[in-house]
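Quick one: the structure is below, questions incoming.
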Amino acid sequence: MDKILAQLNAYWIGFVKLIPDLILAMIELAIGILLAKLVARTIRRAMERSKVDQQATLLLTQIAYYSILAVAVVMALSQIGVNVTALIAGLGIAGFTIGFALQDVSKNFIAGILLLIQKPFRVGDTIEVSGYTGTVKLIDVRATEMQTLDGRIVIIPSAEVYTNPIVNFSRAVRRRVEIQIGIAYGHDLEQARQVALRALASVPGALPEPPPAANFQAFGNVSVQLLISFWADPKQSDLLVIKDLAAKEVQLAFEQAGVDIPYQAVSLEQKPE
């Protein structure tokens with residue numbers, strides 16, 4: 001009985017001696033929690049002012065909060081005498097093992113966060129990346145989902161999107177449109193040029209500045225090849241629609257001006273039976 005009482009007395013004395021360290025540990029933990037909340041709130045406000053995606057903002061604020069909280073917990077445990085060295089070493093080994101096993105997931109995660117912060121494109125933009133061209137439907141930390149021009153749904157991992165060149169067609173203020181047409185030999189080439197340039201003025205979406213150009217490129221079998229180029233506003237209409245309207249206007253103008261657009265007849269050799 002005396003041994004039990006002595007042991008209980010030793011425990012009580014040890015607990016009493018531990019009280020100051022326990023109070024300090026609780027204070028350190030409370031300060032860590034307050035600091036974590038302050039840093040997370042500061043990051044969130046800064047990212048909201050920068051109009052960063054809400055999902056990326058939430059992820060970064062949570063990472064900052066729990067990172068500071070983890071440091072505060074380790075300091076608090078160390079204050080009350082817990083051997084945190086072995087704990088940190090074990091967590092480090094476990095983290096390295098998990099990170100190595102999930103390196104592709106981690107790579108896509110980090111790339112996804114960088115894409116959401118840098119915003120090289122937004123939902124609804126028409127882009128070209130990794131050999132695919134289409135409209136962006138969804139952006140998250142894992143992948144980017146887009147619908148190609150032929151209607152396919154493509155999901156590209158964030159790491160592949162981030163490490164490859166990205167062409168954002170929607171951010172372009174103007175786009176260059178080209179039409180190639182043949183002018184018959186013997187016709188006044190300068191007149192054909194001027195007729196084509198005047199026809200572009202009535203095309204919806206075609207910009208007057210920079211001015212359009214019409215340059216003769218090569219001699220074909222039955223015609224001289226004329227390359228007509230002009231700048232268009234992609235926000236006014238689809239580029240394919242603008243090109244279609246321009247081709248129709250040029251053809252109509254050529255017909256009215258008597259400019260001949262020849263075609264090369266294809267002869268089919270009849271094979272003997």
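When you check L149 against the structure, is it at pLDDT below 85, closer than 23 Å to K243 by Cβ, not assigned by TED's automatic domain parsing to the domain that holds T57 and not small (G, A, S), yes or no?
Taking the combined requirement at face value, the residue satisfies it.
Please work out if E269 is part of a loop (DSSP other than H, G, I, E, B) and at pLDDT below 80.
Against the criterion (part of a loop (DSSP other than H, G, I, E, B) and at pLDDT below 80), E269 qualifies.
Then there is this: Of the residues L252, L226, which is surrounded by 14 or more Cβ atoms within 10 Å (Cβ to Cβ) and more than 26 Å from the chain's Cα centre (by Cα)?
From the options L252, L226, the qualifying one is L226.
If you take the residues in the stretch 204-221 that are surrounded by 14 or more Cβ atoms within 10 Å (Cβ to Cβ) and in a loop (DSSP other than H, G, I, E, B), which one is modelled with the highest pLDDT?
Across the stretch 204-221, the extreme among qualifying residues is P212.
Residues of the stretch 150-193 being part of a helix (DSSP H, G or I), of a type in the set (D, E, K, R) and in contact (Cβ under 8 Å) with a residue 24 or more places away in the chain, which ones?
E160, R193
Kindly provide the set of residues from the stretch 154-198 that are β-branched (V, I, T) and within 30 Å of S223 (Cβ to Cβ), ordered by number.
V177, I179, I181, I183, V195
Across the stretch 244-266, which residue is modelled with the highest pLDDT among those that are touching a helix residue (DSSP H, G or I) at 6+ places or on another chain (Cβ under 8 Å) and among the β-branched types (V, I, T)?
Among residues in the stretch 244-266 that are touching a helix residue (DSSP H, G or I) at 6+ places or on another chain (Cβ under 8 Å) and among the β-branched types (V, I, T), the one modelled with the highest pLDDT is V250.
If I filter the stretch 211-240 down to residues being β-branched (V, I, T) and out of contact with any His (no Cβ under 9 Å at 6 or more places or on another chain), which single residue comes out as farthest from G182 (Cα to Cα)?
By that ranking, first place goes to I228.
Separate question: Name the pairs whose Cβ atoms lie under 7 Å apart, with the first residue in the stretch 198-216 and in the same structural domain as A247 (by TED's automatic domain parsing), the second basic (K, R), and 6 or more positions between them or separate chains?
L207/R174; A214/R193
The values are calculated or read from the model by the stated rules, or taken from the named source; none is laboratory data. Please read these numbers as outputs of a predicted model, since none were measured by experiment. Neighbour counts run over all protein chains shown; Cβ positions are idealised from the backbone, glycine included.
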